[in-house]
Each structure stands twice: as structure tokens, then as C-alpha cells.
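Before any comments, here is the structure.
The values are calculated or read from the model by the stated rules, or taken from the named source; none is laboratory data. The structure presented is a predicted model; accordingly, all values stated were derived computationally and were not measured. Here the Cβ is made from the backbone with ideal geometry for all residues, glycine too, and neighbour counts use every protein chain on show. What goes into the accessible areas is simple: the full protein's heavy atoms, side chains included, and nothing from ligands, DNA or RNA. Shrake-Rupley method; radii C 1.70, N 1.55, O 1.52, S 1.80 Å.
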Amino acid sequence: MRHAILGAGGVGGLIGACLAQAGDSVTLVVRRETLSTHPKQLQLESPFGNLSVDVDVAAEVPPADVLWITVKATQFETALAAFKNPNTVGVIVPLLNGIDHIAVLRGRYGADRVIPATIAVETERVSPGHIVHRSPFARLNVLSAGRARLASTLDQLEQFGFTSRFVENEPTLMWGKLVFLAPFALTTTAADKTVGEIMSDPQWRSLGEACVREACAVAVAEGAKVDAETVLAGVQGMPAGMRSSMQKDVEQHKAPELDAIAGPILRGAGRHGIEIPATKKLVAAVEQRTGQKAAVNV
């Protein structure tokens with residue numbers, strides 16, 4: 001199969017390296033100004049195994065069976081400028097943080113072409129073409145409507161070490177990640193602590209747990225089947241040294257994905273009249289730490 005990766009960072013690089021290793025054609029879509037210098041090889045360090053594989057590099061999305069969109073939410077609109085010929089792509093699999101991008105992609109490229117999915121992993125690009133996968137897991141959740149078109153690809157990723165599952169209910173799929181990600185990202189970023197440090201600090205732990213419960217209340221109101229106690233049990237099972245991508249972005253003076261991650265909770269709470277004081281407190285703390293007012297549209 002032919003795969004195009006729009007966003008050659010940690011997630012895109014991990015998926016691209018694994019699929020290229022499996023023998024598929026992989027093209028990394030990069031910014032035009034970096035095209036001539038970007039390596040045509042992916043080097044991956046992973047608990048699943050280390051490898052180096054050859055890939056193609058392009059400034060525009062080429063004809064492909066699958067387009068993976070793996071950019072940061074803050075780069076989403078800019079990145080789509082490289083997607084000039086939608087009719088040459090079979091399906092689009094977005095792995096962005098948040099929820100709102102699904103409606104945008106469906107509106108522009110057609111509902112049948114977009115397969116909603118989420119990923120849980122800690123991975124980063126330490127330099128162009130060099131990917132370090134840090135978590136002992138990489139979990140893909142995909143809407144069941146995409147089963148026929150993605151089953152063989154997911155089988156390839158599972159052979160490398162991924163786990164994957166198909167989810168029938170779209171709100172459950174998308175909110176199922178957000179109710180876990182938002183408290184994790186907001187708490188670790190606000191406190192500048194690892195998961196283990198958060199869990200051992202009563203004040204931060206209490207705030208994070210309250211954020212989980214608030215996010216789950218909004219998710220249920222939005223039609224998702226989620227359970228706060230299950231989410232909290234999952235947090236307790238995370239590697240103690242794990243850090244969020246938002247936390248790393250702030251450390252590197254990059255714009256955090258605050259609207260994508262916290263925005264749906266804030267807006268959903270407003271629609272349903274749900275009080276979310278812990279979430280608002282964490283958002284304010286992230287704003288204070290970054291030194292600027294975040295653009296969260298409530």
C-alpha cells in the first residue's frame with residue numbers, strides 16, 4: 001500500500017517507520033523549505049525495536065491509499081495547504097489531539113473519506129528523520145466504519161508492537177482519548193511534573209482527578225460512553241516518568257495545543273451547563289506559565 005504522512009514528527013515518524021519496515025511505500029510530506037535537506041530515511045528507537053528505513057519525501061501530498069494526518073493541532077490549517085489533490089487519496093486518517101478537526105476534514109474532503117482515529121503514545125522527533133518512541137505502548141483506536149479499509153494496515157502495525165481496536169460509537173472514540181489526555185496534559189504542564197510526581201503530590205493529584213471527573217461529565221453529555229473511575233485507573237497505570245507533549249511544547253517555547261485539548265471540554269460544559277472549576281484552574285495555570293493568554297474559544 002501507499003502511505004502519505006502529513007506531519008513527520010513523533011507520531012507520523014513512528015507510523016511511517018513501521019509501515020516502511022513492513023514493505024509499504026511511505027512518503028513524508030514536509031515543508032517546502034525543508035524538502036532539500038530532510039533525510040530520506042527514518043531512524044527509529046523504540047521499545048518494539050530499533051530500525052532505519054528508506055522513505056520518500058515530498059512537499060505536497062502524493063497519490064496514496066492512506067493519508068495519515070499527524071501534525072500538531074496548532075499546525076493543522078497550514079499543513080492542509082499541502083493537500084492539493086484530494087481525489088488522489090483513498091482514505092484520510094487524522095491522529096490529531098482534540099475533536100473539532102474531524103468536522104473540518106469531512107466538510108472539505110467528504111465524510112466517506114475520513115476515518116476518525118486516535119493514538120495513545122509518547123514519541124517525539126529529536127531531529128529530522130530521527131524518532132524516539134519512549135512509552136512501552138502505542139495504542140490505536142479507529143472508528144469501526146473504517147475496518148474494511150484499514151484492517152490490513154493495522155495488522156502490520158500490530159506485528160511491530162502496536163495494539164489497536166475498532167470502536168463503534170464516534171463520541172466514545174474521540175472523547176475516550178480526550179478525557180484521559182486533557183487532565184494528563186493540563187496537569188503535567190501546569191505543574192511541570194511527570195505523572196509519577198503528580199500522583200505523589202496530594203494537591204496536584206486531587207486537581208487532576210477532579211479534571212478527569214469534569215471531562216467525563218461533559219463527554220457523557222456529548223453522547224460518549226466513558227467512566228471516570230476507569231480513566232483514573234488507567235492514569236495510575238501509566239509509567240511514572242511519562243510527560244505530556246503539551247508539557248514538552250511549553251518547555252521548548254512552542255504554542256501549546258490548548259484549544260484542541262481543553263477547548264472541547266470548556267465549550268461542551270458551556271452547552272450543557274456543567275461546572276468545571278478544576279479544568280478552568282488548570283487552563284489558567286497553563287496560561288500563566290506560558291506568559292500569554294491562550295486562544296481557547298469558549
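Some points to look at:
- Test: residue in the range 95-114 that is in a loop (DSSP other than H, G, I, E, B) and under 17 Å from ALA17 (Cβ atoms): yes
- Candidate set: the range 47-67, residues that are in contact (Cβ under 8 Å) with a residue 60 or more places away in the chain and closer than 29 Å to VAL114 by Cα; chosen: the one surrounded by the most Cβ atoms within 10 Å (Cβ to Cβ): LEU67
- Among the residues of the range 144-165, the one identified as touching a helix residue (DSSP H, G or I) at 6+ places or on another chain (Cβ under 7 Å) and free of Cβ contacts under 8 Å to residues at least 40 places away in the same chain is SER164.
- Residues that are touching a helix residue (DSSP H, G or I) at 6+ places or on another chain (Cβ under 7 Å) and either farther than 20 Å from PHE184 by Cα or open to solvent by 40 Å² or more (accessible area, probe 1.4 Å) (or both) within the range 129-142 comprise ILE131, VAL142, listed in sequence order.
- Meets criteria (touching a Leu at 6+ places or on another chain (Cβ under 9 Å), part of a loop (DSSP other than H, G, I, E, B), within 30 Å of HIS133 (Cβ to Cβ) and touching a residue at least 12 places away in the same chain (Cβ under 8 Å)) for ALA219: no
- Per the listing GLU124, GLU170, GLU158, the residue uniquely charged (D, E, K, R), more than 22 Å from GLY10 (Cα to Cα), in contact with a strand residue (DSSP E or B) (Cβ under 9 Å, 6 or more places away or on another chain) and open to solvent by 20 Å² or more (accessible area, probe 1.4 Å) is GLU170.
For (1) at pLDDT 95 or above; (2) among the polar types (S, T, N, Q); (3) in contact with an Asp or Glu (Cβ under 8 Å, 6 or more places away or on another chain), each residue gets a yes or a no:
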{"residue": "ARG205", "(1), (2), (3)": "yes, no, no"}
{"residue": "VAL212", "(1), (2), (3)": "yes, no, no"}
{"residue": "ALA228", "(1), (2), (3)": "yes, no, no"}
{"residue": "MET242", "(1), (2), (3)": "no, no, yes"}
{"residue": "LYS248", "(1), (2), (3)": "no, no, yes"}
{"residue": "PRO264", "(1), (2), (3)": "yes, no, yes"}
{"residue": "GLY268", "(1), (2), (3)": "yes, no, yes"}
{"residue": "GLN288", "(1), (2), (3)": "no, yes, no"}
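- Answer from ALA224, ALA255 - the residue that is part of a loop (DSSP other than H, G, I, E, B), more than 23 Å from SER206 (Cβ to Cβ), open to solvent by less than 20 Å² (accessible area, probe 1.4 Å) and in contact (Cβ under 8 Å) with a residue 40 or more places away in the chain: ALA224
- Where a residue in the range 74-95 is of a type outside the set (Val, Ile, Thr) and its partner, wherever it lies, is open to solvent by 20 Å² or more (accessible area, probe 1.4 Å) and assigned to a helix (DSSP H, G or I), with Cβ under 6 Å and at least six apart: PRO86/TYR109; LEU95/VAL11
- Any hit, the range 166-186, residues being touching a helix residue (DSSP H, G or I) at 6+ places or on another chain (Cβ under 7 Å), modelled with pLDDT of 95 or more and hydroxyl-bearing (Ser, Thr, Tyr): no
- Unmet criterion (only one of (1) farther than 23 Å from MET242 by Cβ; (2) open to solvent by 10 Å² or more (accessible area, probe 1.4 Å)) for ILE102: (2)
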